[in-house]
Amino acid sequence: MGALGRLSVLDVHVADVVEMRKTHPCGGKTWEVTRIGADIGLRCLTCGRRVMLPRPAFEKRVKRVLGAPPTAIR
């Protein structure tokens, strides 16, 4: 790694569903993206809990982007 560190930027949009590496205490692993910026807003699709993660922590913890639900409008 250079002086800038990791340069990969995850391509996520509001209303995308992502799978995280670890399960939430409610047992859910899928989250809906509710906000994009320096922090990423997420809503657990199992229990509805909302959290904010700094972008670097989000990019480290996300396992894969499942895409937008069929009814979502970008």
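Of the residues in the stretch 11-26, how many are aliphatic (A, V, I, L, M) and part of a strand (DSSP E or B)? If you could, list the steps in order and put the result at the bottom.
Here is the first cut: in the stretch 11-26, the residues aliphatic (A, V, I, L, M) are 12, 14-15, 17-18, 20.
Filter once more, keeping what is part of a strand (DSSP E or B): 17-18, 20.
Looking only at that region, the number is 3.
If you go through the stretch 39-74 and keep only what is within 14 Å of His13 (Cβ to Cβ), in a loop (DSSP other than H, G, I, E, B) and not charged (D, E, K, R), you end up with Ala68, Pro69, Ala72, Ile73. Any residue in the stretch 31-38 that is touching a helix residue (DSSP H, G or I) at 6+ places or on another chain (Cβ under 7 Å), surrounded by fewer than 15 Cβ atoms within 10 Å (Cβ to Cβ) and either part of a strand (DSSP E or B) or at pLDDT below 95 (or both)? Within the stretch 31-38 (the criterion being touching a helix residue (DSSP H, G or I) at 6+ places or on another chain (Cβ under 7 Å), surrounded by fewer than 15 Cβ atoms within 10 Å (Cβ to Cβ) and either part of a strand (DSSP E or B) or at pLDDT below 95 (or both)), the answer is yes, since at least one residue qualifies.
The values are calculated or read from the model by the stated rules, or taken from the named source; none is laboratory data. In this text, all values refer to a predicted model and were calculated from it rather than measured experimentally. All Cβ positions, even for glycine, are placed from backbone atoms using ideal geometry, and neighbour counts span all protein chains on display.
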